[in-house]
Amino acid sequence: MIDIQMQVMWNRLVSVVEEQALTLIRTAFSTSVREAGDLSAGVFDRAGNMLAQAVTGTPGHVNTMAEAVVHFINDIGPDNIFEGDVYVTNDPWKGTGHLHDITIVSPSFYKGRLI
């Protein structure tokens, strides 16, 4: 039964990141994102470990996205991250490849606790 529950939860996690990617494609102004799928989406834990990444998109962004999440956590500190915060960067030293690559991080909370 544990294996079945684990697979159900894994599929749910992958569905969440796929929905992130598809929403970005549907709402993007950038033709690179809308038409070429030049994007990445992922879910991370409070330590910055990637739990899941979208299949939709460009694999080249996955590492830079992961680096940016860790930089945000280290620079801001988990105790200074609050519900409703959104962090945005295009700093090439913090995780993006060039000026037009942007990383947006939206922290998630459960019962007031950063997850």
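Please verify whether segment 43-56 includes one or more residues that are more than 19 Å from I115 (Cβ to Cβ) and not in a loop (DSSP other than H, G, I, E, B).
Among the residues of segment 43-56, not one is more than 19 Å from I115 (Cβ to Cβ) and not in a loop (DSSP other than H, G, I, E, B), which makes the answer no.
Within segment 59-81, is even one residue farther than 20 Å from E19 by Cα, assigned to a loop (DSSP other than H, G, I, E, B) and modelled with pLDDT of 85 or more?
The answer is yes, given that some residue of segment 59-81 is farther than 20 Å from E19 by Cα, assigned to a loop (DSSP other than H, G, I, E, B) and modelled with pLDDT of 85 or more.
Only one of I115, I102 is closer than 19 Å to T27 by Cβ, surrounded by fewer than 18 Cβ atoms within 10 Å (Cβ to Cβ), at pLDDT below 95 and not aromatic (F, W, Y). Can you tell me which?
Details: I115 fails: closer than 19 Å to T27 by Cβ.
Being closer than 19 Å to T27 by Cβ, surrounded by fewer than 18 Cβ atoms within 10 Å (Cβ to Cβ), at pLDDT below 95 and not aromatic (F, W, Y) holds for just one of I115, I102, which is I102.
For segment 39-57, state whether one or more residues are surrounded by 16 or more Cβ atoms within 10 Å (Cβ to Cβ), free of Cβ contacts under 8 Å to residues at least 24 places away in the same chain and within 26 Å of W10 (Cα to Cα).
yes
Which of the residues that make up segment 86-114 are assigned to a loop (DSSP other than H, G, I, E, B), among the polar types (S, T, N, Q) and touching a helix residue (DSSP H, G or I) at 6+ places or on another chain (Cβ under 6 Å)?
Initially, segment 86-114 is screened for residues assigned to a loop (DSSP other than H, G, I, E, B), giving 86, 90-102, 106-108, 111-112.
Adding the requirement that they be among the polar types (S, T, N, Q) leaves 90, 96, 106, 108.
The one that is assigned to a loop (DSSP other than H, G, I, E, B), among the polar types (S, T, N, Q) and touching a helix residue (DSSP H, G or I) at 6+ places or on another chain (Cβ under 6 Å): T96.
The values are calculated or read from the model by the stated rules, or taken from the named source; none is laboratory data. Here the structure is a predicted model, which is why all the values come from computation and not from measurement. Cβ coordinates were reconstructed from backbone atoms using ideal geometry, including for glycine residues, and neighbour counts include every protein chain displayed.
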